[in-house]
Amino acid sequence: MGYKVAVVGATGNVGREMLGILAERAFPADEVIALASRQSQGVEVSYGDKTLKCRALEHQDFSGIDICLMSAGSSVAKEWAPRIAAAGAVVIDNSSFWRYDADVPLIVPEVNADAVAGFRKKGIIANPNCSTAQLVVALKPLHDRATIRRVVVATYQSVSGAGKEAMDELFSQTKAVFTMDEPEIKKFPKRIAFNLIPHIDVFMEDGFTKEEWKMVAETKKILDPKIKVVATCVRVPVFIGHSEAVNVEFENPITAEEACEILRNAPGCLVIDKREAGGYVTPYECVGEDATYISRIREDPTVENGLALWVVSDNLRKGAALNAIQIAECLINRNLIEAKQKAA
Ligand SMILES: NC(=O)c1ccc[n+]([C@@H]2O[C@H](COP(=O)([O-])OP(=O)(O)OC[C@H]3O[C@@H](n4cnc5c(N)ncnc54)[C@H](OP(=O)(O)O)[C@@H]3O)[C@@H](O)[C@H]2O)c1
């Protein structure tokens, strides 16, 4: 007997990807329920070769649900995650709302799967920010070998990271540029088509943005609180796929060749690094893929033990939907949850 799974935010970028991945991986679900806001009641979404009709979140009874995958933003997560957890479902939330709560594990299964057992405190597990997820997948095996001291990262984040309306905005602005119309700016603070914007989420008092702060706080929580991180997060006119230029300083020596070998054997990582034209991965190529791709592995001659890397992944998959489903699989594989129907 399988699990009863609810997907909250099923009409969104991440929710649709979740439904696709549940079907693709033959997740042991007896029933999958698609939920969204009231305005999407009756909207059809694909689940493998089936079609599900969305229901309104507020009308759902969660008492029979085992796992709730949420991707409907922070305010929905704030209000609904505790209610759904109280009804007995394990909530795996994609928003940033629960990530920094000491009683909520923040999980990337390749990095800190053991921490998942902490879900019992609140019945909630948090999924990290998309840029953090791919970063820590690449850093973890290097940290295990040579102990990371400091990371300097610049991100090149696709518009899908800001939701479906943001994708529409890049599309309509691009079209407007070609038809000589004035591109309309709605969701982003400046024009995104044929441009880039060094600003994601709100500004904080110290001048960093919240997106940059998230990368620091989340890397520390998931990987190691001793690692120093500084980030510059940039939105780029790419539909799907986040890229990162990463400089890493280690306590111990590590060569580019060693790093390459370690990453080739690391879970979730795929090294494509030919040191020739086209011998690296770009975001366009990682769309629909599960791996975190690592290219351009070089020794950084400006520090004692340093490496420079290029890290690319599909932000809707490893950065969100795939990671959430891997967390659910982790709960099942470790016998941390049992289907309610089976238990009854
Ligand atoms: N995109 C990424 O790369 C990424 C990565 C990591 C985390 N996240 C997080 O995942 C969440 C969703 O992101 P997204 O990109 O999928 O956004 P999106 O495309 O804008 O979709 C938002 C979803 O939330 C639903 N929703 C909104 N208000 C709701 C309400 N009051 N009750 C029920 N459902 C409601 C929407 O339903 P309607 O269609 O009915 O409005 C839609 O299904 C956000 O918290 C985001 O920060 C995204």
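Does Glu169 satisfy being surrounded by fewer than 24 Cβ atoms within 10 Å (Cβ to Cβ), over 14 Å from the mean Cα position of the chain (by Cα), more than 18 Å from Glu212 (Cβ to Cβ) and more than 10 Å from the ligand (Cβ to nearest atom)? Working first, answer last.
Details: surrounded by fewer than 24 Cβ atoms within 10 Å (Cβ to Cβ): yes; over 14 Å from the mean Cα position of the chain (by Cα): yes; more than 18 Å from Glu212 (Cβ to Cβ): yes; more than 10 Å from the ligand (Cβ to nearest atom): yes.
Criteria met by Glu169.
Say whether the condition of being surrounded by fewer than 15 Cβ atoms within 10 Å (Cβ to Cβ), part of a helix (DSSP H, G or I) and of a type outside the set (D, E, K, R) is met by at least one residue in the range 179-190.
no
Which residues, taken from the range 124-150, are within 16 Å of the ligand (Cβ to nearest atom) and assigned to a helix (DSSP H, G or I)?
Correct list: Cys130, Ser131, Thr132, Ala133, Gln134, Leu135, Val136, Val137.
Residues that are under 15 Å from the mean Cα position of the chain (by Cα) and in contact (Cβ under 8 Å) with a residue 40 or more places away in the chain: list the helices (runs of 4 or more DSSP H) wholly contained in the range 255-338 that include at least 1 such residues.
283-286, 322-333
For Val153, work out the one condition from (1) away from the ligand (no atom under 16 Å from the Cβ); (2) open to solvent by 10 Å² or more (accessible area, probe 1.4 Å) it doesn't fulfil.
Failing condition for Val153: (2).
Return a yes/no flag: does the range 74-87 have any residue that is within 13 Å of the ligand (Cβ to nearest atom), buried (at least 22 other Cβ atoms within 10 Å of the Cβ) and part of a strand (DSSP E or B).
Among the residues of the range 74-87, not one is within 13 Å of the ligand (Cβ to nearest atom), buried (at least 22 other Cβ atoms within 10 Å of the Cβ) and part of a strand (DSSP E or B), which makes the answer no.
Any residue in the range 311-325 that is open to solvent by 40 Å² or more (accessible area, probe 1.4 Å) and at pLDDT 95 or above?
Looking through the range 311-325, none of the residues is open to solvent by 40 Å² or more (accessible area, probe 1.4 Å) and at pLDDT 95 or above.
Only one of (1) near the ligand (Cβ under 9 Å from one of its atoms); (2) modelled with pLDDT of 95 or more; (3) not basic (Lys, Arg) is not met by Asn13, so which one is it?
(2)
Could you identify the single residue in Ile200, Ile222 that is in contact with a Leu (Cβ under 7 Å, 6 or more places away or on another chain), touching a residue at least 24 places away in the same chain (Cβ under 8 Å) and of a type in the set (A, V, I, L, M, F, W, C)?
Of Ile200, Ile222, the one residue that is in contact with a Leu (Cβ under 7 Å, 6 or more places away or on another chain), touching a residue at least 24 places away in the same chain (Cβ under 8 Å) and of a type in the set (A, V, I, L, M, F, W, C) is Ile222.
The values are calculated or read from the model by the stated rules, or taken from the named source; none is laboratory data. These figures come from a predicted structure and were not determined experimentally. Neighbour counts run over all protein chains shown; Cβ positions are idealised from the backbone, glycine included. Quick note on the areas: whole protein, heavy atoms, side chains included, nothing else; ligands and nucleic acids left out. Shrake-Rupley method; radii C 1.70, N 1.55, O 1.52, S 1.80 Å.
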